[in-house]
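J.: Below are the structure tokens for one structure; questions will follow.
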Amino acid sequence: MTLTETILARASGRRHVAPGENVWVQADLLLTHDVCGPGTIGVFHREFGRDAKVWDRQKIVIIPDHYIFTADSLSNRNVDILRDFVREQGLPYFYDVIDDPQGHWKFDASRGQLKRQYGGRFAGVCHTAMPEKGHVRPGEVLFGTDSHTCMAGAFGEFATGIGNTDAGFVMGTGKLLLKVPETMRFYLEGELPRGVMAKDVILHVIGAIGFDGATYRAMQWDGPGASALSIDDRMTIANMAIEAGGKNGIFAADQKTFDFVDARCRANGTKADYQPAVAEGEQKFVYDEKFDLSKLEPTVAMHPDPGNRALAKTLGHIHLDRAYIGSCTGGKTSDFLAFAEVVKGRRVAIDTFGVPATPQVVDDLHKAQLGGQSAWSVLESAGVQMTENASCAACLGGPADTFGRVNKPGLNCISATNRNFPGRMGNKESKVFLASPYTVAASALTGRITDPREFL
Ligand code: SF4
């Protein structure tokens with residue numbers, strides 16, 4: 001069995017499962033956020049009763065992160081709905097925006113967008129926060145009410161996005177009926193050349209198979225090239241499985257994974273024991289291709305979908321109006337450090353927005369030194385508008401006052417995020433070009449799509 005089949009067999013109490021079988025899977029964790037949480041809670045109350053208790057208080061993680069730093073009152077209210085539910089149920093893992101468990105969240109627009117407006121428990125973008133806060137473990141099953149839940153596959157777990165109705169059912173029972181996906185294997189060899197990042201790997205692969213090329217399939221990343229990737233790189237790649245339609249993305253857990261997970265579980269006092277999955281017996285793949293990382297070049301997914309692939313070096317004729325670095329995929333500390341490496345000592349030529357994924361990233365960037373200057377200050381000196389309000393922000397557009405939102409028709413934006421369907425970052429008549437932090441940084445400097453190797 002493949003890694004995904006091995007995990008699903010164990011989670012459904014069977015010795016063996018095969019693709020296409022429907023099995024009842026026991027969840028280890030359910031994740032929800034401010035956009036889908038209220039709907040999930042509504043389904044849970046409707047189906048299980050107003051006084052029902054969730055299946056396991058320790059196994060529900062609630063992370064408000066999407067529409068947070070906005071004056072939109074309905075968005076603010078969603079966070080209050082989550083807080084009321086957490087209080088009612090006594091849930092320990094709620095990463096509230098404010099510290100007062102009896103309070104109400106209200107974004108204060110008069111204080112501007114840049115300075116932090118959250119309390120001590122706020123965690124930022126859920127998929128980046130989950131590992132930081134010790135909620136990912138190899139071999140486990142994670143369901144989340146968000147399509148990029150697949151990011152946790154970087155840690156050798158089965159992680160997938162589900163809708164509010166399914167999530168309401170999981171909240172009440174801890175179980176979900178699931179069809180076992182077929183597995184596609186992406187065997188990585190070689191090393192990434194200078195100027196090429198994990199984002200280029202996943203954009204290259206989605207370009208090869210198409211934005212629906214992995215529909216309802218597991219994307220398993222194997223080989224020496226996969227082992228050599230850092231945890232952050234694996235997160236970037238696993239995150240975008242859904243951009244090819246994948247059910248999940250998965251890397252085998254190794255010592256790097258164990259070291260990362262053990263340290264985060266210890267630091268946060270979360271469950272520390274787990275049983276990593278090892279592929280058993282013969283693995284059957286519906287697709288099995290080798291990719292030589294050393295041959296890859298900086299890659300861009302052009303408007304209007306993540307599979308619309310081109311090399312950055314061929315796109316110099318495309319003029320840009322803005323650049324954006326942030327999100328679960330592209331807002332990690334390592335992403336901002338790569339961006340800073342390119343823009344250090346230079347000035348961006350177009351409006352450029354930086355939104356760290358989590359408060360931890362904000363702190364890391366204030367502390368990290370680049371030639372005697374903090375990384376945060378390097379970015380600001382280069383003209384990047386940096387906000388400390390870690391969140392999804394303009395990655396998915398959001399209310400009109402969202403930081404970095406593409407509000408006007410006709411704008412071209414290059415972005416380190418993961419999705420570029422029409423209207424994704426705001427106006428439906430704008431265009432989003434997806435690229436690595438290196439490529440976004442180089443393009444921000446020139447105002448046109450630029451191969452970052454020109455600056456490295
Ligand atoms: S940062 Fe973007 S992709 Fe990630 S969870 Fe938020 S909206 Fe979704």
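The values are calculated or read from the model by the stated rules, or taken from the named source; none is laboratory data. If you're wondering where the values come from, they're calculated on a predicted model, not measured in any experiment. FYI the Cβ positions are ideal-geometry reconstructions off the backbone, even for glycines, and counts take in every protein chain you see.
J.: Go through the stretch 316-332 residue by residue and tally those that are more than 16 Å from the ligand (Cβ to nearest atom) and in contact with a Lys or Arg (Cβ under 8 Å, 6 or more places away or on another chain).
T.: 5
J.: Now, a different point. Among the residues of the stretch 130-143, which ones are crowded, with 24+ Cβ neighbours inside 10 Å, in contact with a Ser or Thr (Cβ under 7 Å, 6 or more places away or on another chain), not aromatic (Phe, Trp, Tyr) and not in a loop (DSSP other than H, G, I, E, B)?
T.: The one that is crowded, with 24+ Cβ neighbours inside 10 Å, in contact with a Ser or Thr (Cβ under 7 Å, 6 or more places away or on another chain), not aromatic (Phe, Trp, Tyr) and not in a loop (DSSP other than H, G, I, E, B): Leu142.
One line per residue, one yes/no per condition, for (1) part of a helix (DSSP H, G or I); (2) at pLDDT 95 or above; (3) within 29 Å of Leu337 (Cα to Cα):
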{"position": "Gly172", "(1), (2), (3)": "yes, yes, no"}
{"position": "Glu191", "(1), (2), (3)": "no, yes, yes"}
{"position": "Gly195", "(1), (2), (3)": "no, yes, yes"}
{"position": "Met219", "(1), (2), (3)": "no, yes, yes"}
{"position": "Ala267", "(1), (2), (3)": "yes, yes, yes"}
{"position": "Pro276", "(1), (2), (3)": "no, yes, no"}
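J.: In addition: Picking from Gly112, Gly124, Gly120, Gly103, which residue would you name as being at positive phi, away from the ligand (no atom under 16 Å from the Cβ) and either of a type outside the set (A, V, I, L, M) or in contact (Cβ under 8 Å) with a residue 24 or more places away in the chain (or both)?
T.: It is Gly112.
J.: Additional query: Checking the conditions here, which among Val261, Val286 is at pLDDT 95 or above, of a type in the set (A, V, I, L, M) and crowded, with 16+ Cβ neighbours inside 10 Å?
T.: So the residue among Val261, Val286 that is at pLDDT 95 or above, of a type in the set (A, V, I, L, M) and crowded, with 16+ Cβ neighbours inside 10 Å is Val261.
J.: Suppose the filter is outside any strand (DSSP E or B), at pLDDT below 95 and in the same structural domain as Asp200 (by TED's automatic domain parsing); does Gly246 pass it?
T.: When the stated conditions are applied, Gly246 does not pass them.
J.: OK, next. Out of (1) more than 16 Å from the ligand (Cβ to nearest atom); (2) assigned to a loop (DSSP other than H, G, I, E, B); (3) touching a helix residue (DSSP H, G or I) at 6+ places or on another chain (Cβ under 9 Å), the odd one out for Asp305 is which?
T.: It fails just one condition, (1).
J.: Any residue in the stretch 380-399 that is away from the ligand (no atom under 16 Å from the Cβ) sitting within a Cβ distance under 7 Å of a residue that is in a strand (DSSP E or B)? List the pairs, counting only those 6 or more apart or interchain.
T.: Glu380/Met386; Gly383/Thr352; Val384/Thr352; Val384/Gly354; Gln385/Thr352; Gln385/Phe353; Gln385/Gly354; Met386/Gly354
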